[in-house]
Structures are given as structure tokens and as C-alpha cells.
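**Q** Right, I'll just put the structure down here and ask away after.
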Amino acid sequence: MKKLFGVIVLLFGAAQASAENMYIGADTGLLLIDYSESYDGLYSYEDDSYITALRLTFGGKVSDHFAIEGYLGLEVTDARIELDYDGFGGDTFSLSLDQMYGVNFVGIMPLGRVVELYGKVGFVSLAYEDDYDIEYDESGLALGFGIKFNTGSVGAVTIDYSVLPDAKFEDTTPFGSFEAEVESSFLAVGYQFYL
């Protein structure tokens, strides 16, 4: 994780040095969660939920068709996971966002002066934690796309969707192997302020 963070800082700093049109932004939305767990192939259960999150962004356009940005994600409300063990009881617990930060390389396709479509690829460090102090973490590739509506020289409204890497927890005991996984994506609406 430290190596990934170092690469993010170097790439982000180099690109920002050559960027002219800087911006800061904030978007809020749903971190869509697909939680699953299994034990040694004997059972498998899953549940869908969501975390409400806020993402703070700082970036800059290197050209009309390319930008780079860094971001930090913060939890607003946690997810509630409910598992039904097929008539043998169940489990309910909270899943919270422990960390989310990364860098995106953004390809931009302007559609006139007001609307822009964009796609992005980047690296993210992601971690969740539940009520049992189990941590699910992963660093890896993130993909996304969105649309931006410019509101003059002040800024722009953004609608954004990102697919994040799967975060996992694995534990092996003398009795078998337990594995849990959190698949997630982020759907958000926000605003960028041009500097």
C-alpha cells in the first residue's frame, strides 16, 4: 500500500505541475456494496447494501482532452448487512468505509461548450471494516465514466459512476477456510469549482 501511495503522489505531482486549468470538487452518492461470505465451500451467503459517502477531488486539465485528479473518500453513513442462514438464524452487522484515496487519469470528449463526456482509469486504495473488527482491503485498478455540465467560468455539475476493486478478507483455521468479499461501485453527483 505504501508503494502505491508513493506512485500516486509522484504521478499526481508531475501532472499537476504541467496542468493549467485546476479545479477542486466534492461529490456525494452511494457506495453500492455487494457483500458475500463462504466457509470452506460448505455455505455461501450474500447481501446488497450501500454506504453514503463524500468524495473530495483536486485536479487539473493538462489539455482539452486529458486531466489528472486525486481524491479522498469519506463515509457519511455505514452499510447494514443482513444475512439469512437458510432457516438456521442469521447475522446483521454494520460495514463502514475505513479508507478510500487514489488518482485518476481522465480522458475528456467535449460536446460543445456546455457538456463533456469523460472516462477515467486510475489506482485506488480501499478498505472497509465491520462490527467484528474484520478489515477488508485492496489496492488496485478503478474504472469510471461520467458527464459534466459546465455552468460558465465558475464550475460544473458532475454525474459520475466508478467501479472499484474487490476488497477481501481470508482466514484459515484447522477446521477450514473462511472468505468474505466486498464488491463495490460508486454512483455520485457533485460540483467542481474552477480555480
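**Q** Using a Förster distance of 22 angstrom, determine the FRET efficiency expected from the C-beta separation of Val163 and Ile108, and round it to 0.05.
**A** On the way: r = 19 Å, r/R0 = 0.87.
The calculated FRET efficiency here is 0.70.
**Q** To the nearest 20 debye, what is the magnitude of the charge dipole of the chain about its Cα centre, counting +1 on the Cβ of each Lys and Arg and -1 on the Cβ of each Asp and Glu?
**A** Working: 9 positive and 32 negative charges, 372 e Å.
That gives the chain a dipole magnitude of about 1780 debye.
**Q** If you stretched the chain out fully between Leu74 and Val115, how much longer would it get, using 0.36 nm times the residue separation minus the C-alpha to C-alpha distance? If you can, show how the numbers build up before the last one.
**A** Values: separation 41, 0.36 × 41 = 14.76 nm, distance 2.78 nm.
Fully extending the segment from Leu74 to Val115 adds 12.0 nm.
**Q** Another question, then. Pick from Tyr45, Tyr71, Tyr132: which residue has the top mean-square fluctuation in a GNM of the chain where Cα pairs under 10 Å get a spring?
**A** Its mean-square fluctuation being the largest, the pick is Tyr132.
**Q** Obtain the radius of gyration and the Kirkwood radius of the range 92-131 from its C-alpha atoms and give Rg over Rh. Each step should come with its number before you reach the end.
**A** Details: Rg = 16.5 Å, Rh = 12.9 Å.
Rg/Rh: 1.28.
**Q** Can you tell me the length gained on complete extension of the stretch Phe145 to Phe88, counting 0.36 nm per residue apart and subtracting the Cα distance?
**A** Values: separation 57, 0.36 × 57 = 20.52 nm, distance 4.20 nm.
Answer, rounded to one decimal: 16.3 nm.
**Q** Put +1 on the Cβ of each Lys and Arg and -1 on the Cβ of each Asp and Glu in the range 43-195; which of Ile51, Thr77, Gln192 then has its Cα farthest toward the positive end of the dipole?
**A** Gln192
**Q** Give the relative contact order (percent, whole number) for the chain; include only Cα pairs under 8 Å separated by 6+ residues. Let's see the in-between values first.
**A** Values: 529 pairs, mean separation 43.0, N = 195.
Reported as a whole number, the value is 22 percent.
**Q** Considering the options Thr28, Phe169, Val106, tell which one lies farthest towards the positive end of the dipole of the chain, charges being +1 on Lys and Arg and -1 on Asp and Glu at the Cβ, about the Cα centre.
**A** Val106
**Q** Oh, and also: What is the Rg over Rh value, at two decimals, for the chain, using alpha-carbon atoms and the Kirkwood definition of Rh?
**A** 1.05
**Q** How much space per residue, in cubic angstrom, does the convex hull of the C-alpha atoms of the range 111-186 take up?
**A** 105 Å³
**Q** For the chain, with a Gaussian network of springs between Cα atoms less than 10 Å apart, report the residue from Glu75, Glu170, Glu183 with the top mean-square fluctuation.
**A** Glu170
**Q** Right, something else. Output the Kirkwood hydrodynamic radius of the range 137-181, Cα pairs only, in Å rounded to one decimal. All intermediate terms of the calculation are to be shown ahead of the outcome.
**A** Numbers: mean 1/r = 0.0709 Å⁻¹.
After inverting the mean inverse Cα-Cα distance, the result is 14.1 Å.
**Q** Based only on Cα atoms, what mean projected area does the convex hull of the range 22-124 have, in nm²?
**A** On the way: hull surface 35.4 nm².
For the Cα atoms of the range 22-124, the hull's average projected area reads 8.8 nm².
**Q** Modelled label-to-label distance, Ile134 and Ser44, 7 Å Cα→beta-carbon offset: nm?
**A** In this crude spin-label approximation the distance works out to 1.6 nm.
Readers should treat all values here as calculations from the given coordinates under stated rules, not as data from a laboratory. Note that the structure is predicted; figures quoted are calculated from it, not measured. All Cβ positions, even for glycine, are placed from backbone atoms using ideal geometry, and neighbour counts span all protein chains on display.
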